[in-house]
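S.K.: Input: one structure, supplied below.
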Amino acid sequence: MTTPADRLSPVYTGLPLTIFERMSGLARESGAINLGQGFPDDPPPQALSDAAVRAFSTRSQQYPPMTGLPELRDAVAAFYAREQGLDLARDHVVVTSGATEAVACAILAVVRPGDEVIVFSPAYDVYAPMVRRAGATPVFVPLAPPLWCYDEARIRAALTPRTRAMIVNDPLNPAGTVASDDDLAMLARIACEHDLVAICDEVWETVRFDGRRHRSLLAEPGMESRAIKIGSAGKIFGATGWKVGWLIGAPEMAAVLAKAHQFLTFTTPPMLQWAVAEGLADPAIPRALHERWSASRLALLNGLFEADFAVTANAATWFACIDLAATGIALDDATFAERLVREAGVATIPVSALWEGDAAPTHVVRLCHCKPLATIEEAVGRLARWREGLGHG
Ligand SMILES: Cc1ncc(COP(=O)(O)O)c(C=O)c1O
């Protein structure tokens, strides 16, 4: 018998609950500490909230321009000139309702039915369903743990005459690794040789702890006319619910991307756009957040280290990953995560849930560090005690 859901797209009816919803749901049910889904517990910087409140009472609350407030588009361009040395103007920037919408716009504007799109596993869970909904096929190329490096031979082997684009998430969620200069040059070479568009999800660009400034694939030779760079104020300012993001591309591309945006959300709340424009102009705000997150990251890494957990190398994002096999824990990541949340009261994300394609590694779990230090200390204590109970202490 046909059910109401059978009348809907199999791209969505076939999808399980996302791992983020599942683990957050389990955390809520059991009152566990949630180091699964990535969001800070602390409020965003006061100056940012003040700017939004001011905009609420002094600015128009009607539809802002479809491509974004000119002031925000200018602020985004100035921010990237200051932070990454990019030479952008207002016409390169389209403001979206979060990076998620930006990814959707990019895929819908670039991909045609029947195309193939290279997606690197592990991948942020938005990419593959959106590629499929656009009528194209995601072709998964694995990044191998523990360093999650790009493998040129595997990328080249995955290319076909139908390959239209690659989606590059750098820095990488979930692993927190950063593409090397050689990787960026290699990805750019392949994109140019095969006339590919690179959809560059760089939402973690400012959440870096290696003291290096982010290098965008957009800045590689030949990429100016084929890279679409995506950013998120939610990550830059630790305000994930704000959902203000943007697409950056050559003006001719940006004009077409704007058409995809026009028929998805059309626009983004103007009060938040005003506030983000103010925030981007003030380097003290990201600096303060960087200090806060450096401390929370160190607390998690040191705590795990002292409790004898093996942590994979990482340089960016709000995440750190435990290597279960190297720690001597014989459980697979999904079992570990399910048991940990129920038995120890700590929610994590099994990295295999963000993997499609063959040979998913099943020995890595992701933990979010942007939490108060006392929360991290309590979570690490629970992890260590639970592990002792497993007989591996
Ligand atoms: C790689 C990546 N892309 C996009 C997003 C979504 O960003 P936004 O909240 O701005 O839609 C996230 C959020 O975690 C992410 O990790």
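Read-outs: derived from the displayed coordinates by stated rules, not from any lab. These numbers come from a predicted model, not from an experiment. Note: ideal-geometry Cβ built from the backbone for every residue, glycine included; neighbour counts use all protein chains shown.
S.K.: With label points built 7 Å along Cα→Cβ from the Cα atoms of Arg212 and Glu306, find their separation and express it in nm.
M.R.: Between Arg212 and Glu306, the label points sit 3.0 nm apart.
S.K.: Based on the mean of other Cβ atoms within 10 Å per residue, sort peptides 242-254, 173-185 so the most packed one is first.
M.R.: On the way: 242-254: 22.5, 173-185: 20.4.
Result, highest mean first: 242-254, 173-185.
S.K.: Oh, and also: Given the -39500 (n - 2.57) contribution per DSSP H run of 4+ residues, what per-residue ellipticity at 222 nm results for the chain, rounded to the nearest 500 deg cm²/dmol?
M.R.: -12500 deg cm²/dmol
S.K.: To continue, here is another question. Could you work out the Kirkwood radius for region 62-282, taking every pair of different alpha carbons, averaging 1/r and inverting it, reported in Å?
M.R.: 17.3
S.K.: Roughly speaking, what is the stretch gain from Thr375 to Leu390, that is 0.36 nm per residue apart minus the C-alpha to C-alpha distance, in nm to one decimal? The partial results should precede the final answer.
M.R.: Working: separation 15, 0.36 × 15 = 5.40 nm, distance 2.27 nm.
Difference between extended and current length: 3.1 nm.
S.K.: Can you give the direction-averaged projected area of the convex hull of the alpha-carbon atoms in region 212-338, in nm²?
M.R.: 11.5
S.K.: Next question, about the same structure. Taking N as the number of residues in region 1-145, what value does Rg over Cα atoms divided by 2.2 N^0.38 Å take?
M.R.: With N residues counted in region 1-145, Rg over 2.2 N^0.38 Å equals 1.37.
S.K.: Stretch Arg162-His194 to full length: gain in nm at 0.36 nm per residue minus the Cα-Cα span?
M.R.: 10.5 nm
S.K.: Say each of Asp50 and Met1 gets a label point 7 Å from the Cα, pointing the same way as Cα to Cβ; how far apart are those two points in nm?
M.R.: Those two pseudo-labels are separated by 6.2 nm.
S.K.: Determine the gain in length on full extension of the stretch Ser30-Met66; use 0.36 nm per residue of separation and subtract their C-alpha separation, reporting nm with one decimal.
M.R.: Extra length available between Ser30 and Met66 comes to 8.7 nm.
S.K.: Given 37 °C and 0.692 mPa s, compute D for the chain with the Stokes-Einstein relation, Rh being the Kirkwood radius over Cα pairs; round to the nearest whole µm²/s.
M.R.: 151
S.K.: Output needed: percent of Cα pairs per 10 Å distance bin for region 1-66, bins running from 0 to the one holding the longest distance.
M.R.: 15, 21, 21, 31, 11, 1
S.K.: Rule-of-thumb check for region 266-393: C-alpha Rg over 2.2 N^0.38 Å? Please list the in-between numbers first.
M.R.: Values: Rg = 17.7 Å, N = 128, 2.2 N^0.38 = 13.9 Å.
Computed over Cα atoms of region 266-393, the ratio equals 1.27.
S.K.: May I pose another question? Lysines within cross-link reach of Lys259: Cα-Cα under 30 Å, excluding same-chain residues under 8 positions apart?
M.R.: Lys229, Lys235, Lys243
S.K.: Let me ask something additional. Got a sec? Charge dipole of region 139-226, +1 on Cβ for Lys and Arg, -1 for Asp and Glu; which of Tyr150, Ala185, Thr206 is way out at the positive end?
M.R.: Checking the options against the dipole of region 139-226, the answer is Tyr150.
S.K.: Where the centre of each part is set by its Cα atoms, how far does region 158-197 sit from region 350-377, in angstrom?
M.R.: Using only Cα atoms to place each centre, the spacing works out to 23 Å.
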